[in-house]
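Okay, structure first, notes after.
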Amino acid sequence: MKKTTGALVGLCATGPLLLAVPILAIGAGTASASCSTGGAQAVNTSAVAKQVKAILHGGDKGKASVPGLDDPAEQVPNAKTIQATGVAMNIPARGQVVALATALQESGLRNLTYGDRDSLGLFQQRPSQGWGTANQILDPVHASSKFYEELKKVSGWQSLSITQAAQAVQKSGFPEAYAKWEPLATALQKAIEPLLPKAGAPSPSPSSSGSADASSPSPADAGGCSANGDGTDFGTIPAGALPDEYKIPADASPKVQTAIRWALGQLGTPYQWGGSCTNSHGKNAMGRCDCSSLVQQAYKAAGVSLTRTTYTQVKDGKAVSVDALRPGDLLFTEGTAAVPEHVGMVIGQGLIVHAPHTGDVVRIATLDYWKPRILAARRVV
């Protein structure tokens, strides 16, 4: 099936077929169309690394300026999600660069809700061309996964140039348009790579005592932490997973009680970066939970809609003080307050439920352990 992407603003005619392709307007904060493919953009690799660090780990945001990263607060987290999805799918570095260059060309690394015809998202994928529903395409993990799936179908893609590999997936009307983004995509990949876990890397084993864990969340794989499902998989709470005296707070609202009960039903299920948490007890790894899909699906079971990632969930609901927490509140750690990397849910009695990191399972932690690390708290009910 041919999957054609299009431009955002303006069109360029090529024969009888009208096509367009977005070119990021350097420093302008918008994407615009151009018929010119141009040459590769010169890139200061150290400046890119500084910008990445500034956004993801709270560095000095005022001193790093990179052409092509005119809105790094939005672009860098999207780049990290694209790259981390590639790591989770065992895509080598070159494939990650292909994906980053494609997203730079198609959307300027922005998760756009518009485009030529029905094009959407980071890669300007089209629902009408088989990339998924509009909601799925606007999920960066789904969009990235679909791109990589198509890339893997391209015979010998590893030996193609970056622009040839990108074009084989996108089938753009301007096949050379991706080449100019290779330097910036490569610099982004190299800057983000040390912040991500290696695929299959070992991590601390879950506690067998039923007490709260004492390990901090992994900042590298939690932040890209789409979910589509009915949220009915309540599951059985494993024996010993909670202190014997724990009870779901009776004074919490019915919606909060439902969300907590649903989340506790996922205890002991394996963490999966980018997992939808729609079937955590099933055999398909992508149905399992990461940190943000756990809380999203817990509240979906209670009839409350949350966004998908920690980057957006930190804006859901209203801010609350860490000294005035209630059961059901969401707590964010790692990264920065504006771009947090991990989320968990307060369940009462000084406990939190969360999906920690690759190699671990959905488990309980203590609020006392989390408090020094909390960057933000949100009340969604």
- Going by the structure shown, is L375 under 22 Å from the mean Cα position of the chain (by Cα) and closer than 21 Å to L264 by Cβ? no
- Within region 340-374, restricting attention to residues that are in contact with a helix residue (DSSP H, G or I) (Cβ under 6 Å, 6 or more places away or on another chain) and not in a strand (DSSP E or B), which residue is surrounded by the fewest Cβ atoms within 10 Å (Cβ to Cβ)? G350
- Does any residue of region 124-133 turn out to be closer than 23 Å to T307 by Cα, open to solvent by 20 Å² or more (accessible area, probe 1.4 Å) and within 16 Å of the chain's Cα centre (by Cα)? no
- Message: With the requirement that a residue be at pLDDT below 95 and aliphatic (A, V, I, L, M), what does region 326-354 give you?
- Response: A337, A338, V339
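With the condition being more than 18 Å from A377 (Cα to Cα), open to solvent by 30 Å² or more (accessible area, probe 1.4 Å) and not charged (D, E, K, R), I'd like the helices (runs of 4 or more DSSP H) fully within region 249-330 carrying at least 3 qualifying residues.
Numbers: elements: 254-264, 291-301, 310-313.
Output list reads 254-264.
The values are calculated or read from the model by the stated rules, or taken from the named source; none is laboratory data. Note that the structure is a prediction, hence the values are computed from the model and not measured. Virtual Cβ from ideal backbone geometry, glycine too; neighbours counted across all protein chains shown. Only protein heavy atoms, including side chains, enter the accessible area calculation; ligands, DNA and RNA are left aside. Shrake-Rupley method; radii C 1.70, N 1.55, O 1.52, S 1.80 Å.
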